[in-house]
Amino acid sequence: MLRDNLAGLIVLMQSSGTQALRDEFSYLENPRPVGTESSLTGRCSSPFQTEPRHDSRTLGTTVKVPIENLYYLFCYAWRYIPNDLAFDVGADESSDVLNLCAHLLNEGIDRLLRRGIERGYVRFNEESTRVRGRLDLNDTIRHLTFLNARRVCQFEELSPNITSNQILRSTVKLLLNAPINSKLRDKLQETNVRLSSIETIPLSASLFHRVQLNRNNGSYAFLIRVCELVHLSFLPDRSGEAKSWFRDVLSDEQYMSAVFEEFIRNFYDLKQPNYSVSRTQPKWNAIAAKTEDLKYLPSMLTDVTLISPERHIIIDAKYYRDALQAHYDSKKVHSSNLYQLLAYLRATEHEFPKKYPPEGILIYPVNGDPIDLKFKIDGHLVRIYTLNLNQSPDELERDLLGLVTSSTPTSVSTLNSERDRIHAH
């Protein structure tokens with residue numbers, strides 16, 4: 001909140017010449033304090049609902065995301081390229097998130113079992129007439145096992161009953177109580193039987209972070225993320241009737257905002273060679289009366305920063321139902337989003353030659369008519385763009401790559417010509 005208000009105040013103080021193409025000026029508000037708007041997800045609800053491709057059904061004004069594309073988003077957000085994970089997503093059976101997760105777990109666990117699931121050393125405590133491993137004197141004395149010529153021993157043994165496999169089986173059992181396709185449920189039941197030697201454990205958010213992943217068990221990474229998604233969808237029953245309730249995780253704005261942001265960042269990191277891709281922390285160009293006052297300034301962190309020898313692009317990915325907000329009887333760019341992006345651009349402009357000022361892109365999912373607005377604000381090229389998620393992965397790739405490969409000099413000259421034409425009238 002402080003960052004948003006501070007960014008809005010800076011826009012008020014520094015706003016100067018703004019150039020745009022055609023009627024795109026109408027989408028900009030007069031700079032004003034952003035009030036209670038949030039630069040994250042505000043009070044917006046999720047735009048995403050899943051349904052099979054080419055289905056003519058619509059769900060209100062929400063964005064339609066084919067189940068294939070939802071899988072595509074998750075793969076990139078989790079840094080697992082779909083070509084390397086050659087799962088058929090089973091669009092006919094996988095009509096929503098839970099069915100998709102069930103399908104992926106069935107296929108993924110089947111591959112693991114055929115190849116050989118991971119094993120690890122597990123500690124066992126056992127009474128024995130002979131010493132095996134380490135003698136546990138405390139338990140031997142406490143339970144008086146020595147009276148029967150037996151002792152308690154501790155030893156470790158290779159076993160598949162380790163955390164990563166326990167998460168897989170526990171998630172499979174959880175999904176058996178979910179509202180999923182009957183064919184998928186039958187396959188899950190078979191999968192559960194094949195994992196019967198592995199114990200189930202209570203799932204928790206912290207449990208997923210305790211899984212040790214390395215090159216030898218890297219194939220588990222994607223499946224563990226699928227399990228985490230199922231866990232996020234699960235609502236514990238408070239009635240005591242031991243029922244399982246599931247919610248549409250796509251309505252979790254915080255989670256899906258992170259997925260959308262990571263999808264954009266990892267896509268550019270994995271699919272193009274011309275830019276280095278990272279998240280950067282622009283520094284405030286500020287001087288304080290007391291040095292210690294500077295620590296009260298909020299930190300800035302970009303969603304995606306692309307850097308090449310000739311271009312510096314800052315992308316802010318927003319998971320909003322609408323790319324534009326209502327302003328009286330017209331539509332305007334979200335002011336808090338624009339102020340935030342401009343604050344990033346101004347904070348980084350001193351790091352690059354004036355010949356190549358930083359550029360900014362605000363990217364949203366399409367909901368309704370597509371938007372592609374181009375401006376030049378205080379010397380910075382700014383683009384407001386909506387990405388159509390209801391198209392093939394090849395078309396998604398084409399649009400995202402085209403977004404950062406357009407010629408900057410042409411864009412600047414076009415904007416300058418348009419400015420001169422407007423001023424001439």
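Assorted remarks:
- Scanning segment 329-371 for residues that are modelled with pLDDT of 80 or more and among the polar types (S, T, N, Q) turns up S330, S335, S336, N337, Q340, T348.
- Scope segment 150-172; condition surrounded by fewer than 18 Cβ atoms within 10 Å (Cβ to Cβ) and β-branched (V, I, T); matching residues: T163
- Of all residue pairs spaced 6 or more apart or on separate chains, those with beta-carbon atoms under 6 Å, a first member in segment 203-220 that is more than 13 Å from G120 (Cα to Cα) and a second member that is surrounded by 17 or more Cβ atoms within 10 Å (Cβ to Cβ) and of a type in the set (D, E, K, R) are F208/E228.
- Test: residue in segment 383-399 that is closer than 19 Å to T280 by Cβ and either touching a strand residue (DSSP E or B) at 6+ places or on another chain (Cβ under 7 Å) or modelled with pLDDT of 80 or more (or both): yes
- In segment 181-202, the residues that are acidic (D, E) and part of a loop (DSSP other than H, G, I, E, B): E199
- The one condition from (1) in a helix (DSSP H, G or I); (2) crowded, with 16+ Cβ neighbours inside 10 Å; (3) over 23 Å from the mean Cα position of the chain (by Cα) that A178 does not meet is (1).
- Annotation: E118 fulfils all but one of (1) in a helix (DSSP H, G or I); (2) more than 27 Å from S182 (Cα to Cα); (3) at pLDDT 65 or above; the unmet one is (1).
The values are calculated or read from the model by the stated rules, or taken from the named source; none is laboratory data. Only a predicted model underlies this, so the values are computations on that prediction, with no experimental measurement involved. Note that each Cβ is placed from the backbone with ideal geometry, even for glycine, and that neighbours are counted across all protein chains shown.
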